[in-house]
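Inspection log for the structure reproduced underneath, given as structure tokens.
The values are calculated or read from the model by the stated rules, or taken from the named source; none is laboratory data. Because the structure is predicted, anything quoted here is derived from the model rather than measured. FYI the Cβ positions are ideal-geometry reconstructions off the backbone, even for glycines, and counts take in every protein chain you see. For the accessible areas, the whole protein counts, side chains as well, though only heavy atoms, and no ligand, DNA or RNA atoms are used. Shrake-Rupley method; radii C 1.70, N 1.55, O 1.52, S 1.80 Å.
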Amino acid sequence: ATWCAPDETNESPLARHRMTRNATVRDELARFCARRDDVDVDDDAHALASVASGVRDGDVRVIDVVVALERELCGVEPHPRARATRALAHVACELAREVLDVQSRHTLSAFFASKLSDYAVIAHAARGAVACVDAGDDEDVEAIANGAFAGCDVQALSQADRERVLEVGVRALRANGAAAVRGAGEGDCEKACASIIAAFDGEKDPRCVLL
């Protein structure tokens, strides 16, 4: 038999379809991150639906979405960083409970946890974090509680962002108290108590106190 190097002609129709779908999603995400907020609402909705659909259908992996957004997620400019985080939060909100595999959900949980102290993206990171807590396991809850309590100076945030981050922390505690305490204290119960108390200490806004 004659061996020939693999090329496009030897790819299966499914592989070609997935390559095309991934390219479409990358283009959609690039345009999405470049747009201003609330200007092209229909285009934004179409882009987010396209990304979620690609992941739901199994043609696009969550890691592919993260890689496509890497420049924006790691950049110093707050607007594209916020837009990229919004895209990942949409994936989590739409798919975390029924579609995402465990590793994909863990990847998103760790990402959202790390962004709960990033002023530019807190609103979107909190939405994604709540979705991962509600659908998640011990590892998801532990990571997100760590971000909300140990990794974030909650009382230094604006009122709206304090409310968002505290809601994330409370949801984690209610979903799985043991895992949340491990995350809040990085394995140390005394440190966990101190972190949780510090998040609420001095809070005067009733919207946050009543959480």
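Of note:
- By a 1.4 Å probe calculation restricted to protein chains, Arg61 has an accessible surface near 150 Å², given to the nearest 10.
- Alpha-carbon geometry of segment 112-201: the Rg and the Dmax are 11.2, 31 Å, given in that order.
- Per-residue 3J(HN,Hα) values for segment 27-44, derived from phi via the Karplus relation 6.51 cos²θ - 1.76 cosθ + 1.60 with θ = phi - 60°, read 5, 4, 5, 4, 5, 4, 5, 7, 7, 7, 5, 6, 9, 10, 4, 5, 5, 4 Hz in sequence order (x marks Gly and Pro).
- Computed from the Cβ-Cβ distance with R0 of 30 Å, the FRET efficiency linking Ser158 to Glu190 stands at 0.55.
- Cα→Cβ-extended label distance, 7 Å offset, between Lys204 and Asp118, nm: 3.2 nm
- Rounded to the nearest 20 debye, the dipole magnitude of the chain is 160 debye, with +1 charges on Lys and Arg beta carbons, -1 on Asp and Glu beta carbons, and the Cα centre as origin.
- Computed about the Cα centre, the dipole magnitude for segment 58-165 is approximately 400 debye when only Lys and Arg (+1) and Asp and Glu (-1) carry charge, each at its Cβ.
- Value of D in µm² per second that Stokes-Einstein yields for the chain, Kirkwood Rh from Cα pairs, at 4 °C (1.567 mPa s): 71 µm²/s
- Computed from the C-beta positions of Thr20 and Glu98, the FRET efficiency with R₀ = 30 Å rounds to 0.75.
- Highest average packing first - 110-120, 32-42, 49-59, Cβ atoms within 10 Å: 110-120, 49-59, 32-42
- Converting the Cα gyration tensor eigenvalues of segment 20-144 into ellipsoid dimensions via √(5λ) gives semi-axes, longest first, of 21, 18, 12 Å.
- Across all Cα pairs in segment 61-122, the calculated P(r) in 5 Å bins from zero up to the longest distance comes to 4, 19, 31, 26, 14, 5, 1 percent per bin.
- The magnitude of the dipole of segment 1-110, with charges of +1 and -1 set on the Cβ of Lys/Arg and Asp/Glu and taken from the Cα centre, is near 280 debye.
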